[in-house]
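Colleague: Here you go, one structure.
The values are calculated or read from the model by the stated rules, or taken from the named source; none is laboratory data. Computed from a prediction, not measured in an experiment: that's the story for all the values here. Here the Cβ positions follow ideal geometry from the backbone for every residue, glycine too, while neighbour counts run over all protein chains shown.
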Amino acid sequence: MVHIEDMKICHLSFILQRRFDNFTIDFLEWEDSSMLKKTIEQNPHTNKVAVESSTGRPVGYILGGDTGLRGVLHHLFVSPEYRSAGIGYLLMAECLKGFRENAWGARRILGLVYGNNPSAIKILKQNGFIFNPILEQNFPCVIPCYLDL
Ligand SMILES: CC(C)(COP(=O)(O)OP(=O)(O)OC[C@H]1O[C@@H](n2cnc3c(N)ncnc32)[C@H](O)[C@@H]1OP(=O)(O)O)[C@@H](O)C(=O)NCCC(=O)NCCS
């Protein structure tokens, strides 16, 4: 069984390993461990980890930050062997709950996703994110989306 919990600094190594080994998102290359550590510390309510309950092992995570003006989804990742079980959806839902209930008051959350990533797009849409249909259909590249809280 997997449960969702707040991210802690001890999860940083999982995040670093996953984003460099497995991530297909190539617009994250400038982020280093000190920046990731800072965002974990500054956004405790919107950074979540999916953990295998029996072992405590992380199997997925979401990083979301509140700039005070806008909220931004930074990363969403689920280990391949745990995919298509609803964990990505749950991580997103818990992160958005953090934005709604505890963050600094941003009213719009922005996301970026590759047009050829149907499972990520599905999760964003299931959680209410709005896509521009023209961008979505015609540009097989990174497309923006947003959610108003
Ligand atoms: C995107 C990612 C986080 C999804 O995690 P996940 O735990 O498998 O997601 P979920 O199981 O909650 O939901 C996936 C949904 O997409 C659907 N899906 C999966 N592959 C699909 C496809 N090729 N076409 C359409 N839908 C698809 C699943 O059926 C599921 O929908 P359902 O809830 O109606 O059954 C995971 O694939 C991942 O880590 N990918 C690599 C990193 C990445 O791309 N991150 C997103 C950056 S924006």
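Colleague: For the stretch 76-132, name all the residues that are more than 17 Å from Met1 (Cα to Cα), of a type in the set (Lys, Arg) and either assigned to a helix (DSSP H, G or I) or near the ligand (Cβ under 9 Å from one of its atoms) (or both).
Modeller: Lys97, Arg100, Lys122, Lys125
Colleague: Which residue pairs have Cβ atoms closer than 7 Å, lie 6 or more positions apart in sequence or on different chains, and pair a first residue in the stretch 48-63 that is farther than 17 Å from Lys97 by Cα with a second residue that is assigned to a loop (DSSP other than H, G, I, E, B) and small (Gly, Ala, Ser)?
Modeller: Val59/Ser79; Gly60/Ser79
Colleague: Still on this structure, I have one more. What pairs can you find where one residue is in the stretch 1-30 and farther than 19 Å from Tyr82 by Cα, the other is part of a helix (DSSP H, G or I) and modelled with pLDDT of 90 or more, and their Cβ atoms are less than 7 Å apart, with a gap of 6+ or different chains?
Modeller: Ile9/Lys37; Ile9/Ile40; Leu12/Lys37; Leu12/Ile40
Colleague: What pairs come out if I take residues in the stretch 126-149 that are closer than 11 Å to Leu112 by Cβ and pair them with residues that are of a type in the set (S, T, N, Q) and at pLDDT below 85 whose C-beta lies under 9 Å away, six or more apart or interchain?
Modeller: Taking only residues 6 or more apart or on different chains, the pairs are Cys141/Asn116.
Colleague: Filtering the stretch 130-149 down to residues that are touching a Gly at 6+ places or on another chain (Cβ under 6 Å) and buried (at least 16 other Cβ atoms within 10 Å of the Cβ), which residue is farthest from Gly65 (Cα to Cα)?
Modeller: Ile143
Colleague: List the number of the failed condition for Ile40; all other conditions in (1) surrounded by 15 or more Cβ atoms within 10 Å (Cβ to Cβ); (2) within 16 Å of the ligand (Cβ to nearest atom) hold.
Modeller: (2) is the only condition that Ile40 fails.
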